[in-house]
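Rule-based calculations on the coordinates, nothing more; no lab input. Nothing here was measured: the structure is a model prediction, and the numbers come from that model. Please note: Cβ atoms are built from the backbone with ideal geometry, for glycine as well, and neighbour counts cover all protein chains shown.
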2 protein chains.
Amino acid sequence: MTEAETVTGSKSERAYISLKGQIADGTYSPGYRLVLSKIAEDLGVSVVPVREAIRRLEAEGLVSFQRNVGATVAGIDPTEYLYTMQTLSIIEGAATALSSPLIGPEDIIRARAINAQMRECLQHFDPVRFTRLNQDFHNVLYENCPNPHILDLVHRGWARLASVRSSTFRFVPGRARESVEEHEELLHLIESRADADEVERAARLHRSATLDAYLAHTGTDHS
Amino acid sequence: MTEAETVTGSKSERAYISLKGQIADGTYSPGYRLVLSKIAEDLGVSVVPVREAIRRLEAEGLVSFQRNVGATVAGIDPTEYLYTMQTLSIIEGAATALSSPLIGPEDIIRARAINAQMRECLQHFDPVRFTRLNQDFHNVLYENCPNPHILDLVHRGWARLASVRSSTFRFVPGRARESVEEHEELLHLIESRADADEVERAARLHRSATLDAYLAHTGTDHS
DNA sequence: AAATACTAAATCGTATACGAACTGTAGGAG
DNA sequence: CTCCTACAGTTCGTATACGATTTAGTATTT
């Protein structure tokens, strides 16, 4: 140890974090063959910790694994994508509904500020920032969620989509405008202490509509 | 190799299955300290595959892990239990709703048969079989679920509760009777091709009511 | 030319060994 | 009596080595 690198966590932990990040940022895109020995070498560790990391990622659905063959970054075909988004809309709807009674005025203010920035992105046409802000907006609504499992499922769902988001998930201009309006409506509902069921329905529909718009835009057939 | 044991899967796979089973059937109850070397010896393998198995179980939330300390079967305190059941009611509601359009007459017949058996269990007071049948009943409703992620989440949720179910999850006599009636109502809804939202609401309420009854019965305060 | 059998390279799977970190206990100082 | 320190035992963490399996390429046969 030449330097006292205060790196927290074990090597398998770091391998896990690193791989997850590289999958998320597109370094390893879907279908990429994850060769244990190669990754181990890249990370400067041996293969055992890498195997563990991959097992965890497998359990999370981020990589698929085949005995004696190897691991590949889990691809997302259109059907997979549809199912994941559908699941996410359900989970996010629930997360928003559960959080809504706990959302305070200051949270609303933060959310409105984010939404305002999203409006600006529409004018300056900045899809990348728009997508980021959209994520932030919903995070504000979730962060008060009292049920940690729900929150965990939301994050896992997005982690699963992380790799595909950067490459194929583009916002649909027309839909983006609608989306911002729906955000306002959602905030109104929450502010007025609407029924949890109503909030849930609105939040879920908001996500579903985005998905539908995306599908229509890309021409995928949505049965 | 004295005998040609045609065991499918790798040793880590078997360790995973085995551990999961032993957690589910109560051999390892919550809080149990999972010592790698001991488990490895019990299973007749070395520690490396056991570590992998435990990593996977950790990612599924069945065991909790602490660096350089060890793994223990994830305990379920009342709060944890509440959150898990709440999550399950949401997921199961969605699963039922998504499946409902695809449930055919023969499925309905099977479900009715199971429900009839549940009625018998009420008369002969057989809580264990009742609980099993209840699971079967809902499985019939799910098995047509077109979204594999939702189905996966249902199974994971139950796996998480598996250990606690056998020891503390007892049916509440009064509630059990109600539950059977609600099953009939649920089948009616599905048969009459009710709106998916309506089915979802009914299925979710069914689960929530069971949880509430359980909480009231055990005296836990449910805010 | 197509199909099959064989060989070699690549890669995974796991046992073993050793080092690192944590835990609990015994002994001594205050 | 309490607190701190030293030490030993336990258990985890990972590197390495070697066997097992798959894959791909080549040669041979029909």
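So, counting K/R as plus one and D/E as minus one, what does the shell of residues with Cβ under 12 Å around A:Val154 add up to?
Charge balance near A:Val154 sits at 0.
Among A:Val47, A:Val69, A:Val199, whose mean-square fluctuation peaks in a Gaussian network model of chain A (Cα, cutoff 10 Å)?
The residue that fluctuates most here is A:Val69.
Between copies, how far does the label point of A:Asp42 sit from its twins, in nm, shortest first, when each point is 7 Å from Cα along Cα→Cβ?
Copy-to-copy label distances at A:Asp42, shortest first: 3.7 nm.
State the residue of chain A whose Cβ is nearest the axis carrying A onto B, and the distance in whole angstrom.
A:Ala59, 2
From Cα coordinates alone, what are the radius of gyration and Dmax values for segment A:78-218 in angstrom?
Cα-based Rg and Dmax for segment A:78-218 come out at 14.2, 39 Å.
Only counting other Cβ atoms within 10 Å, I'd like B:Ser64, B:Ser192, A:Ser100 sorted with the fewest neighbours first.
Fewest to most other Cβ atoms nearby, the residues stand as B:Ser192, B:Ser64, A:Ser100.
For chain B, what relative contact order do you get, as a whole percent, if you take Cα pairs closer than 8 Å and at least 6 residues apart?
Taking the mean separation of contacting Cα pairs over the length of chain B, I get 24 percent.
Taking springs between alpha-carbon atoms closer than 10 angstrom, which of A:Phe65, A:Phe171, A:Phe125 fluctuates most in the Gaussian network model of chain A?
Evaluated over chain A, the most mobile residue of the options is A:Phe125.
At a 10 Å Cβ-Cβ cut-off, how would you order A:Asp42, A:Asp136, A:Asp77, fewest neighbours first?
Exposure proxy ranking, most exposed first: A:Asp77, A:Asp42, A:Asp136.
Can you give the average number of partner chain beta-carbon atoms within 10 Å of each beta-carbon in peptide B:43-53, as a whole number?
Per-residue shielding by partner chains comes out at 2.
Arranged by the count of other C-beta atoms within 10 angstrom, fewest first, what order do A:Tyr16, A:Tyr32 take?
Taking fewest neighbouring Cβ atoms as first place, the list is A:Tyr32, A:Tyr16.
Using just the C-alpha positions of segment A:1-107 as equal point scatterers, what log10 of I(q)/I(0) does the Debye formula give at each q in 0.18, 0.20, 0.24 1/Å?
The calculated log intensity ratios at q = 0.18, 0.20, 0.24 Å⁻¹ are -0.91, -1.01, -1.27.
Could you give the length gained on full extension between A:Gln123 and A:Glu185, defined as 0.36 nm per residue of separation minus the Cα-Cα distance, in nm?
20.3 nm
Per-residue mean of other chain beta-carbon atoms within 10 angstrom of the beta-carbon, peptide B:56-65?
Mean partner shielding for this stretch: 3.
Enumerate by residue number the trypsin sites (Lys or Arg not before Pro) in segment B:64-134 meeting two conditions: DSSP loop (anything except H, G, I, E, B), and at most 10 other Cβ atoms within 10 Å of the site's Cβ.
Sites meeting the loop and neighbour criteria: B:Arg67.
Based on the Kirkwood radius over alpha-carbon pairs, what value in µm²/s does the Stokes-Einstein equation return for the translational diffusion coefficient of the protein assembly as shown at 10 °C and 1.306 mPa s?
66 µm²/s
For the pair B:Asp152 and A:Ile108, how long in nm is the line joining their label points, each one 7 Å along Cα→Cβ?
3.9 nm
Over segment A:11-73, what per residue volume does the convex hull of the Cα atoms give, in whole Å³?
Dividing the Cα hull volume of segment A:11-73 by its residue count gives 72 Å³.
What average number of partner chain Cβ atoms lie no more than 10 Å from the Cβ of the residues making up A:140-152?
So the per-residue partner count for this stretch is 3.
At a 10 angstrom cut-off on C-beta neighbours, averaged per residue, how do the peptides A:179-190, A:49-60 rank from highest to lowest? Mind dumping the intermediate values first?
Working: A:179-190: 17.8, A:49-60: 22.7.
In descending order of packing, they fall as A:49-60, A:179-190.
By the scheme Lys and Arg +1, Asp and Glu -1, what is the net charge of all other residues having a beta-carbon under 14 Å from that of B:His206? Before the final figure, lay out each step's value.
Numbers: positive: B:Arg175, B:Arg177, B:Arg201, B:Arg204, B:Arg207; negative: B:Glu92, B:Glu178, B:Glu181, B:Glu182, B:Glu184, B:Glu185, B:Glu198, B:Glu200, B:Asp212.
For residues surrounding B:His206, the net value is -4.
To the nearest 20 debye, what charge dipole does segment B:69-223 have about its Cα centre, counting +1 at the Cβ of each Lys and Arg and -1 at the Cβ of each Asp and Glu?
Values: 15 positive and 22 negative charges, 98 e Å.
Computed charge dipole of segment B:69-223: roughly 480 debye.
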